[in-house]
Ligand code: MF3
Ligand code: CO
């Protein structure tokens, strides 16, 4: 038992939820995962430079696939549990896991989440951005702005030896103050050595609850914020696409973060 083991053990003895040591990345792993995260950011920047009205979501998929592969990576979504494309593209009332389609054309006024996940030399990274296509309604504009604020407030609330619930509380409070709701049953996740690791990250839990944030942990901050009801349904035909139950707009922004001794660092956003 080293010092860290003793600290984790004594926290657990007090009833705290602590990560298994296997969830704490070593400096060598962090170096490799950083390279994957940098490529992931490059993919998102590439999409940002090209996304526009009139383009199909299949064209976004092509941009992601070509850029990733030409830089030595693999798009993590491709064939992940049967997912058929390289990226998730979720427009307007789609909460997440939209499947790129040649017949789905971006129109002026749309808001879209592009969720990019990358494997580089076996290491995983994941982040997503919202894009507004041309002029969008004030309603859509506000939802995207507040979603960004939610993620930034969640990040500010994240501290080594704090709790995952601190992040959730900051996010959920800001969403509710703006009249929005946070999706409950879909959340973030640990990441790095695999696409989805422990812990599950909820964005509706109370301050001080859930897992303790221990240096070396990596996970995503990726709340889904709905204009109306937080409830959803999943496309029966493709088994993936998640829609708002009331047809309201939904937005999501995802940062992948690393807990360090002194703070919380964003690896890709
Ligand atoms: N980036 C999404 C997440 O955070 C990926 C979902 S799995 C996929 O979980 F197959 F749809 F890509
Ligand atoms: Co994710």
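Miscellaneous remarks
- Any pair with Cβ under 9 angstrom, 6 or more apart, that starts in the stretch 1-16 at a residue that is in a helix (DSSP H, G or I) and ends at one that is modelled with pLDDT under 95 and loosely packed, with under 11 Cβ neighbours inside 10 Å: 9/1
- Scanning the stretch 175-199 for residues that are away from ligand 1 (no atom under 11 Å from the Cβ) and surrounded by fewer than 18 Cβ atoms within 10 Å (Cβ to Cβ) returns 176, 177, 178, 179, 184, 185, 193, 194, 198.
- The one condition from (1) away from ligand 1 (no atom under 16 Å from the Cβ); (2) touching a strand residue (DSSP E or B) at 6+ places or on another chain (Cβ under 9 Å); (3) under 30 Å from residue 7 (Cα atoms) that residue 109 does not meet is (3).
- The residue that is nearest to residue 176 (Cα to Cα), among those in the stretch 122-144 that are touching a strand residue (DSSP E or B) at 6+ places or on another chain (Cβ under 9 Å) and in a helix (DSSP H, G or I), is 143.
- Only one of 48, 37, 53 that is assigned to a loop (DSSP other than H, G, I, E, B) and either out of contact with any helix residue (DSSP H, G or I) (no Cβ under 8 Å at 6 or more places or on another chain) or surrounded by 15 or more Cβ atoms within 10 Å (Cβ to Cβ) (or both): 53
- Some residue of the stretch 215-237 being at pLDDT 95 or above, under 16 Å from residue 23 (Cα atoms) and surrounded by fewer than 19 Cβ atoms within 10 Å (Cβ to Cβ): yes
- Residues in the stretch 67-100 that are surrounded by fewer than 15 Cβ atoms within 10 Å (Cβ to Cβ) and touching a helix residue (DSSP H, G or I) at 6+ places or on another chain (Cβ under 9 Å): 71, 72.
- Residue check, residue 86 within 18 Å of residue 254 (Cα to Cα), part of a loop (DSSP other than H, G, I, E, B) and either more than 19 Å from the chain's Cα centre (by Cα) or at pLDDT 95 or above (or both): yes
The values are calculated or read from the model by the stated rules, or taken from the named source; none is laboratory data. Owing to the predicted nature of the structure, the values given are computational and were not obtained by experimental measurement. For neighbour counting, all protein chains shown are included, and Cβ atoms are generated from backbone atoms with ideal geometry for every residue, glycine included.
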